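For reference, the structure discussed in these notes is given below.
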Amino acid sequence: MRTEALEAIATRRSIRSFQDKPVSRQLLRLILEAARQAPSAGNCQARDIIVVQNAELRRQLSSAALGQEFIEEAPLVLVVCANPERSGRRYGERGRQLYCILDAAATVENILLAANALDLGACWVGAFRDELVRHILKLPKHLRPIAIIPVGHPAESAEPISRMPLEEFVHIDFYGSRYQGEAP
Ligand SMILES: Cc1cc2nc3c(=O)[nH]c(=O)nc-3n(C[C@H](O)[C@H](O)[C@H](O)COP(=O)(O)O)c2cc1C
């Protein structure tokens, strides 16, 4: 049993305040390796990642994300994009419409968990204007930005946000037959 993985999941929080301190190349590499290991439909790996460290680009991304200023404050911003061509080649419409989004989402989660495991803070930002992000990062037409992820050394320790009890969203055999498991 590898409880470190469960600990990284359980202790991850969205961090929206960062120290004025760069993320080292070594830490960036570890995060990108974790991103690379994410599962993907048919192993098509239908996502691309843009690494943004340039201050002016970070400012523009903040603005594209409806003024969420903590994006600009982070020394490192990763933008994860779905690549429909890559999964569409193998899976046609389902690949273009669905699998590439899921591949990108799995990549985002790996990035968030790796950042937490490395004592960095990060946040999944999904509220932004696609066209602006496309323009700022010179994305080819077919790429769809899925998440902007500011990453940095945390300047806050965010409190856990509540979650629904398992009984509210886990169903046994059929929808509506509630799970009532024992707590571990
Ligand atoms: C698809 C998606 C979009 C999100 N967009 C934003 C966002 O635009 N801005 C933000 O501050 N947080 C955003 N979040 C983070 C959520 O607010 C956060 O994960 C949730 O409140 C639970 O808190 P926790 O991550 O600390 O557990 C987003 C999360 C997801 C999964």
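Per-residue ellipticity at 222 nm computed for the chain from its helices equals -11500 deg cm²/dmol, with DSSP H segments shorter than 4 residues left out and the rest contributing -39,500 (n - 2.57). Between residue 36 and residue 94, the contour length at 0.36 nm per residue exceeds the alpha carbon distance by 18.7 nm. Projecting the Cα atoms of 34, 84, 24 onto the charge dipole of the chain, computed from C-beta unit charges around the Cα centre, puts 84 farthest toward the positive end. Among 102, 66, the sequence by solvent-accessible area, most first, with a 1.4 Å probe is 66, 102.
Based on C-alpha pairs under 8 angstrom that are at least 6 apart in sequence, the chain has a relative contact order of 30 percent.
Show me the helices of the chain, taken as full DSSP H stretches, that run 18 Å or more along their long axis by Cα and average 1.0 or above in Kyte-Doolittle hydropathy. Mind showing how you got there, number by number?
Values: long enough: 100-117 (26 Å, 1.29).
The answer, listed by residue number, is 100-117.
Heavy atoms of the protein chains alone define the surface here; on that basis region 14-154 has 50 Å² accessible area per residue at 1.4 Å probe size. Shown here: region 90-169, whose C-alpha atoms stretch 40, 36, 22 Å along the first, second and third principal axes, sorted largest to smallest. In region 14-154, carbon and sulfur make up what percent of the accessible area (probe 1.4 Å)? Percent of accessible area from carbon and sulfur atoms in region 14-154: 49.
By the Cα gyration tensor, the chain has an equivalent ellipsoid whose semi-axes, rounded to whole angstrom, run 28, 24, 16 from largest to smallest.
The values are calculated or read from the model by the stated rules, or taken from the named source; none is laboratory data. What you are looking at is a predicted structure, and each value in this text was computed from that prediction instead of being measured. Here the Cβ is made from the backbone with ideal geometry for all residues, glycine too, and neighbour counts use every protein chain on show. Areas reflect the complete protein model, heavy atoms only, side chains present, ligands, DNA and RNA absent. Shrake-Rupley method; radii C 1.70, N 1.55, O 1.52, S 1.80 Å.
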